[in-house]
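Data first, discussion second: the structure below is written as structure tokens.
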Amino acid sequence: MRLRIVHSIVHHYEPPATGVIQVLRLTPRNHEGQYVIDWRIDVSADVRLNAHEDAFGNLTHVFSVDGLFEELSVRVDGEVETQNTDGVVRGTAERFPPRLFLRDTPLTLADAPIRDFAQRVRAANGGDTLAELHLLLRHLHDAMTHENGQSLPAPTAAEAFARKRGTARDLTHVFVGAARSLDIPARYVTGYFCADGTSEGSAGHAWAEAFVSHLGWVGFDPSSGVCPTDAFVRVAIGLDALGAAPVRGMRYGTGAETLAVAIRVDQ
């Protein structure tokens, strides 16, 4: 599938900001099943985008800008060719052994209810890791209601699981925490999703990857209950949503900041 992605991020500052530093994880990499045909990032201010790789091998761009300004925008425009690999991820930049992704963070830490949930899945499965992960995916998708949007601040996995609802980010945190509680390496993934080949329902998205010894990393999307297909564009990974965040940074000055985000993904 050939997908075109247009992603606009507009920051409004009141009163005007005196400076901004941002780190962008908005650029996908090539790997098996994904080829980047064209990709461009434009910033409204006159800045230099410094490209490098972060610790996890994600392509990042860093910029800083000084001066009074009320608005700052970042626009991504690109095309990616994708193929369905049944969720199996190969040919990616791997900087660490899989067991690093057993490390918990405050957002993914599994509490007693999540651990009990994961152990019930394991008891019903019989010991095959891949089957266990698929069963975890199905049960979590049935147990929690997926909500659109993005709540701030992000709830922890324990908070989201207690509410039995959450965004793709929240469901992914629960899946990652549950998998790690079973001693299965798991990580957080950000990217884009094209719903039914149209822009309707398409958006920035989040899902998980878990490590299966005979396959490597395999994707699982708890918000849809399926493994990623050619409708998914993989961009960045991390231990949680903060480590894989598309945009992180800070501004100088006092006052309020509002954010407007628009994403369009078309086949």
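The values are calculated or read from the model by the stated rules, or taken from the named source; none is laboratory data. If you're wondering where the values come from, they're calculated on a predicted model, not measured in any experiment. Glycine gets a Cβ as well: all are built from the backbone with ideal geometry, and neighbour counts include every protein chain shown.
Inside the stretch 19-34, residues that are surrounded by 15 or more Cβ atoms within 10 Å (Cβ to Cβ) and either among the hydroxyl-bearing types (Ser, Thr, Tyr) or assigned to a loop (DSSP other than H, G, I, E, B) (or both) make up a count of 4. Of everything in the stretch 106-120, what is touching a residue at least 40 places away in the same chain (Cβ under 8 Å) and hydrophobic (A, V, I, L, M, F, W, C)? Give them in sequence order. Selection gives Leu107, Leu109, Ala110, Ile114, Phe117, Ala118. Among the candidates Glu81, Glu70, the residue that is surrounded by fewer than 17 Cβ atoms within 10 Å (Cβ to Cβ), touching a Pro at 6+ places or on another chain (Cβ under 6 Å), touching a residue at least 12 places away in the same chain (Cβ under 8 Å) and in a strand (DSSP E or B) is uniquely Glu70.
Look at Phe193 and say whether it is closer than 24 Å to Phe96 by Cβ, in contact (Cβ under 8 Å) with a residue 40 or more places away in the chain and not in a helix (DSSP H, G or I). Judged against the criteria, Phe193 is not a match.
Picking from residues in the stretch 54-67 that are in contact with a strand residue (DSSP E or B) (Cβ under 6 Å, 6 or more places away or on another chain) and outside any strand (DSSP E or B), the one that is surrounded by the fewest Cβ atoms within 10 Å (Cβ to Cβ) is Asp54. Could you check, for the stretch 180-188, whether at least one of its residues is crowded, with 21+ Cβ neighbours inside 10 Å and in a helix (DSSP H, G or I)? For the stretch 180-188, residues crowded, with 21+ Cβ neighbours inside 10 Å and in a helix (DSSP H, G or I): present. The requirement of being in the same structural domain as Phe117 (by TED's automatic domain parsing), among the acidic types (Asp, Glu) and over 19 Å from Gly78 (Cβ atoms) is not satisfied by Asp230.
Using the structure shown, decide if Val23 is out of contact with any Ser or Thr (no Cβ under 9 Å at 6 or more places or on another chain) and aliphatic (A, V, I, L, M). Taking the combined requirement at face value, the residue does not satisfy it. Taking the stretch 151-168 only, how many residues are buried (at least 16 other Cβ atoms within 10 Å of the Cβ) and either in contact with a helix residue (DSSP H, G or I) (Cβ under 9 Å, 6 or more places away or on another chain) or within 15 Å of Arg103 (Cα to Cα) (or both)? Total satisfying the criteria: 9. Between Phe117, Phe96, the distinction of being surrounded by 13 or more Cβ atoms within 10 Å (Cβ to Cβ), at pLDDT 95 or above and under 21 Å from the mean Cα position of the chain (by Cα) belongs to Phe96 only.
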